[in-house]
Amino acid sequence: MIFVKNWSAQVESYLLKLAEEGLKTRELQKLYDGANYTVEEKNGFDTINSVKSRLGNYFVKKESTARKVAEEVARLS
């Protein structure tokens, strides 16, 4: 049981160090804290329609391409 506690403490310490060094959490937090935030009102339906128009065909094309690849793999197997 003690081994598991020590191991978990080491993992926690490692992850905290990694987050601090790798992600530069303090620097990021300073940027967030110093940013100017403004309140905006947005229409949810407009946002949905905008995303839909940008990504709608992307997913259709992605599915079509995946099907073609699967068919070609099946044909070659």
Does Leu28 fit the bill of being modelled with pLDDT under 85 and not hydroxyl-bearing (Ser, Thr, Tyr)?
yes
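Please note which helices (runs of 4 or more DSSP H) are completely contained in the chain and include at least 3 residues that are surrounded by 10 or more Cβ atoms within 10 Å (Cβ to Cβ) and of a type in the set (A, V, I, L, M).
On the way: elements: 2-22, 25-34, 44-76.
Of the helices (runs of 4 or more DSSP H) lying wholly inside the chain, those with at least 3 residues that are surrounded by 10 or more Cβ atoms within 10 Å (Cβ to Cβ) and of a type in the set (A, V, I, L, M) span 2-22, 44-76.
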Selection status of Ile2, modelled with pLDDT of 85 or more and among the β-branched types (Val, Ile, Thr)
no
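The values are calculated or read from the model by the stated rules, or taken from the named source; none is laboratory data. Given the structure is predicted, the values throughout are model-derived calculations rather than measurements. Here the Cβ is made from the backbone with ideal geometry for all residues, glycine too, and neighbour counts use every protein chain on show.
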